[in-house]
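Following: one structure in structure tokens, then a few remarks.
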Amino acid sequence: TDITEQRAAEAHIVDRNEQLNAIFDLSPDGFVAFDPERRVKYANPAFLQMTGYAEKDIVGLDEAGFSARLARGVAGTGFPGVAAMRRIKEAEIGKEAAELPPRPRLLIELGGARKRVLELKLRLAQAATVSAILYLRDITHEVEVERVKSEFLSHAAHELRTPMASIYGFSELLMTQEF
């Protein structure tokens, strides 16, 4: 039998896997893949670097264990957990985008020596070996820029308001004076 097509398909799959591995390994964004039993199957280097976790501490954890571990490192309001994110995503399936109210971005702040603000998204998968992928994007710089902009506008408004009050007061005084 001729197996040329089978060999070509296998080569295509190997090539595709190598491309995806390179993308996940080189991405500055964090990815965590969960298997069908909802256990962590893979965490890319960016996720490990963002969180400071070792791969051996993450891979194999179930959703609850992973969520608890990530929540321990989160400052403030906390992390709702992968299961809660999954329920929201499952509730959205089948609904049209127009029916759904806009959801606020899910942001968490990791504590520690170097604070980071991460945006999280969950993508459910229908693959045989992956049930979901958690996506984490470091938006610390964006948040800091927004804070600096707000602080600048606040100071600028104050600095303009003070001399304007004097100008306004003297204008009223001049308008009421008879010469």
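Below are the figures for this structure:
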{"quantity": "Search result, residues across the range 131-179 that are outside any helix (DSSP H, G or I), over 30 Å from Ser67 (Cα atoms) and either in contact (Cβ under 8 Å) with a residue 60 or more places away in the chain or of a type in the set (Asp, Glu) (or both)", "calculated": "Glu178"}
{"quantity": "Pick from the range 34-45, criterion out of contact with any strand residue (DSSP E or B) (no Cβ under 7 Å at 6 or more places or on another chain) and either in contact (Cβ under 8 Å) with a residue 24 or more places away in the chain or assigned to a strand (DSSP E or B) (or both), ranking: most open to solvent (accessible area, probe 1.4 Å)", "calculated": "Glu37"}
{"quantity": "The range 124-179, subset of a type in the set (Val, Ile, Thr) and within 29 Å of Glu63 (Cα to Cα), residue farthest from the chain's Cα centre (by Cα)", "calculated": "Thr129"}
{"quantity": "Conditions (1) among the aliphatic types (A, V, I, L, M); (2) surrounded by fewer than 16 Cβ atoms within 10 Å (Cβ to Cβ); (3) modelled with pLDDT of 90 or more: number failed by Leu48", "calculated": "(2)"}
{"quantity": "Condition check for Ala8: over 28 Å from Ala83 (Cα atoms), open to solvent by 40 Å² or more (accessible area, probe 1.4 Å), among the small types (Gly, Ala, Ser) and not in a loop (DSSP other than H, G, I, E, B)", "calculated": "yes"}
{"quantity": "Some residue of the range 26-33 being more than 14 Å from Val130 (Cβ to Cβ), outside any strand (DSSP E or B), among the aliphatic types (A, V, I, L, M) and at pLDDT 90 or above", "calculated": "no"}
{"quantity": "Test for Met85: is it part of a helix (DSSP H, G or I), modelled with pLDDT of 90 or more and touching a strand residue (DSSP E or B) at 6+ places or on another chain (Cβ under 6 Å)", "calculated": "yes"}
{"quantity": "The range 60-95 - residue that is of a type in the set (A, V, I, L, M, F, W, C) and open to solvent by 60 Å² or more (accessible area, probe 1.4 Å) and, of those, farthest from Glu119 (Cα to Cα)", "calculated": "Ile93"}
{"quantity": "Single unsatisfied condition, Arg103 versus (1) more than 23 Å from Thr51 (Cα to Cα); (2) modelled with pLDDT of 80 or more; (3) assigned to a loop (DSSP other than H, G, I, E, B)", "calculated": "(2)"}
{"quantity": "Checklist (1) modelled with pLDDT of 90 or more; (2) assigned to a loop (DSSP other than H, G, I, E, B); (3) open to solvent by 40 Å² or more (accessible area, probe 1.4 Å) applied to Gln126, failing item", "calculated": "(1)"}
{"quantity": "Filtered residue count, the range 139-160, keeping only those that are open to solvent by 30 Å² or more (accessible area, probe 1.4 Å) and touching a strand residue (DSSP E or B) at 6+ places or on another chain (Cβ under 6 Å)", "calculated": "2"}
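The values are calculated or read from the model by the stated rules, or taken from the named source; none is laboratory data. Note that the structure is a prediction, hence the values are computed from the model and not measured. When we count neighbours, we look across all protein chains shown, and the Cβ atoms used for this are built from the backbone with ideal geometry, even at glycine. Note: accessible area is taken over every heavy atom of the protein model, side chains too, but ligands, DNA and RNA are not part of it. Shrake-Rupley method; radii C 1.70, N 1.55, O 1.52, S 1.80 Å.
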